[in-house]
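Presented below is the structure to which this report refers.
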Amino acid sequence: MAILNILHFPDPLLRNQARPVKKVDDSLRELLDDMLETMYQAPGIGLAAIQVNDLRRVVVIDISDEHDQPICLINPEILQKEGEEKMDEGCLSVPGIYEKVTRAKHILVRALNREGDTIEMEADGLLAVCIQHEIDHLDGKLFIDYLSNLKHQRIRKKLEKESRQKQSDPETVKRAI
């Protein structure tokens, strides 16, 4: 397994649309394992392939405290949405930013699992929010897109400034060589 590089906003690659997976094979399962390892190390509770610059339509999620209940969703689609819930969200691709976002409270999702079998699952609360957040990534959308233009621009400027500072830091340059 390998730790993958997570793209950070405003990287334009995060706006790509993921492509449906045609075949579940060992190569895809290896990606899923690498994504889980990357997510746990980050640390996070969800990761979409787009965030690691892979255009396949897959996400991994684990909201358990012990990190022992991974969920792998291949070609996920939301079949039903009910209710509304406002919850603080963060994102591995938008580090250090947390904002309230309104999403469906209860969802029904269809996807393939890591064996290639079709599954349907219901989710509510944090799991429902996480699934919706990750599917948004597959569609080129970030949670900050739900915020006002002003907040969105402030976040962009803050992260661009932090990126420039990291690039000009001699220690960062030394470590990269």
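The values are calculated or read from the model by the stated rules, or taken from the named source; none is laboratory data. Predicted, not measured: the structure shown is a model, and the values here were computed from it. Cβ coordinates were reconstructed from backbone atoms using ideal geometry, including for glycine residues, and neighbour counts include every protein chain displayed. Note: areas computed on protein heavy atoms with side chains; ligands, DNA, RNA excluded. Shrake-Rupley method; radii C 1.70, N 1.55, O 1.52, S 1.80 Å.
Highlighted here are the helices (runs of 4 or more DSSP H) found entirely within the range 68-177 that include at least 3 residues which are under 21 Å from residue 41 (Cβ atoms) and modelled with pLDDT under 95: 149-168, 170-176. From the set of residues in the range 9-26 that are modelled with pLDDT of 95 or more, part of a loop (DSSP other than H, G, I, E, B) and buried (at least 16 other Cβ atoms within 10 Å of the Cβ), which is farthest from the chain's Cα centre (by Cα)? Taking the candidates together, the pick is 24. Within this structure, residue 45 passes the test of being of a type in the set (Val, Ile, Thr), under 28 Å from residue 156 (Cα atoms), open to solvent by less than 90 Å² (accessible area, probe 1.4 Å) and touching a residue at least 12 places away in the same chain (Cβ under 8 Å).
The set of residues in the range 106-140 that are open to solvent by 50 Å² or more (accessible area, probe 1.4 Å), under 18 Å from the mean Cα position of the chain (by Cα) and within 19 Å of residue 29 (Cα to Cα) comprises 110, 114. Of everything in the range 27-53 that is aliphatic (A, V, I, L, M) and assigned to a strand (DSSP E or B), the residue that is nearest to residue 91 (Cα to Cα) is 47.
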